[in-house]
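The values are calculated or read from the model by the stated rules, or taken from the named source; none is laboratory data. The shown structure was predicted, so the numbers you read here are calculated from the model rather than taken from an experiment. Cβ placement follows ideal geometry from the backbone for every residue including glycine, while neighbour counts extend to all protein chains displayed. The area values use the complete protein model at the heavy-atom level, side chains included, leaving out ligands, DNA and RNA. Shrake-Rupley method; radii C 1.70, N 1.55, O 1.52, S 1.80 Å.
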Amino acid sequence: MNIVLFGPPGSGKGTQGNNLVKNFNFFKVSTGDLLREEINKQSILGKKIKNIIDEGKFISDDIINDFIRKILSKSKINNRLIFDGYPRNLEQAKKFESLLKEHNIKISCVLSLEVEKESIFKRILGRQICSKCGLIFNEFFNPSNTSNHNCDVKFLKKRSDDNEKTIKSRIETYLDKTLPILDFYKKQNLLHQISGMAKIDEISKEIQAIIASIET
Ligand SMILES: [Zn+2]
């Protein structure tokens with residue numbers, strides 16, 4: 001059972017991926033995490049990646065695909081994978097197909113969390129993280145109050161890249177590059193579209209039901 005997880009920024013994709021890791025023994029493959037790890041290692045590749053990011057450029061498909069190839073060759077985890085943030089465009093999706101074939105690995109389902117565009121803005125713009133205890137809130141959907149949070153409101157902080165301009169460009173990139181991939185998987189009968197507007201635990205249940213239906 002290997003899963004590809006899709007969803008625009010702010011769709012709750014990260015939360016759902018983490019739940020699957022915690023409760024169902026999956027191993028999450030996040031290209032963002034892989035890049036950060038490589039940078040922290042201060043390897044030659046890591047330094048190269050850091051330069052590209054510092055210049056505000058995109059990491060090439062070749063570098064990303066190499067990371068994925070390495071993961072796929074680790075036989076211990078290669079039948080319990082969740083791909084989060086990959087593939088990001090149609091070229092990567094096609095390369096991914098051939099890498100999977102090379103390693104004799106199959107994708108069991110593609111889960112797409114669907115969220116209305118207006119709601120994405122609020123979800124990201126309203127996001128607040130407590131710098132003291134690490135809890136995450138949303139001033140529109142899940143505000144911090146005395147019954148769910150003990151720290152002072154002064155600890156609530158927003159992420160620096162969560163401003164309107166960067167969110168717009170992240171959403172545009174998503175719609176432009178990622179949506180064509182969904183068609184690609186739809187044709188292979190792998191796509192499951194899930195409403196990301198539901199409550200977190202309702203979405204989790206829906207995902208679990210899909211997984212159960214595939215595993216039996
Ligand atoms: Zn707190």
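Residues of segment 96-117 that are of a type in the set (D, E, K, R), closer than 14 Å to residue 4 by Cβ and touching a residue at least 12 places away in the same chain (Cβ under 8 Å): 106 alone. Filtered by the rule that a residue be assigned to a helix (DSSP H, G or I) and open to solvent by less than 100 Å² (accessible area, probe 1.4 Å), segment 154-163 gives a lone residue, 155. Candidates in segment 118-130 are the residues that are more than 16 Å from the ligand (Cβ to nearest atom) and buried (at least 19 other Cβ atoms within 10 Å of the Cβ); of these, the one that is nearest to residue 184 (Cα to Cα) is 120. Would you check if there is a residue in segment 105-117 being open to solvent by 50 Å² or more (accessible area, probe 1.4 Å) and within 16 Å of the chain's Cα centre (by Cα)? Within segment 105-117, one or more residues are open to solvent by 50 Å² or more (accessible area, probe 1.4 Å) and within 16 Å of the chain's Cα centre (by Cα). Sub-8 Å Cβ pairs linking a first residue in segment 152-175 that is within 16 Å of the ligand (Cβ to nearest atom) to a second residue that is open to solvent by 100 Å² or more (accessible area, probe 1.4 Å), at least 6 apart or interchain, are 152/132; 155/132, ordered by first then second residue.
Looking only at residues in segment 131-146 that are within 13 Å of the ligand (Cβ to nearest atom) and among the polar types (S, T, N, Q), the one that is most open to solvent (accessible area, probe 1.4 Å) is 146.
Residues are listed down the side, and each one gets a yes or a no for (1) in a loop (DSSP other than H, G, I, E, B); (2) hydroxyl-bearing (Ser, Thr, Tyr); (3) under 19 Å from residue 58 (Cα atoms):
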position: 147; (1), (2), (3): yes, yes, no
position: 151; (1), (2), (3): yes, no, no
position: 174; (1), (2), (3): no, yes, yes
position: 178; (1), (2), (3): no, yes, yes
position: 185; (1), (2), (3): no, yes, no
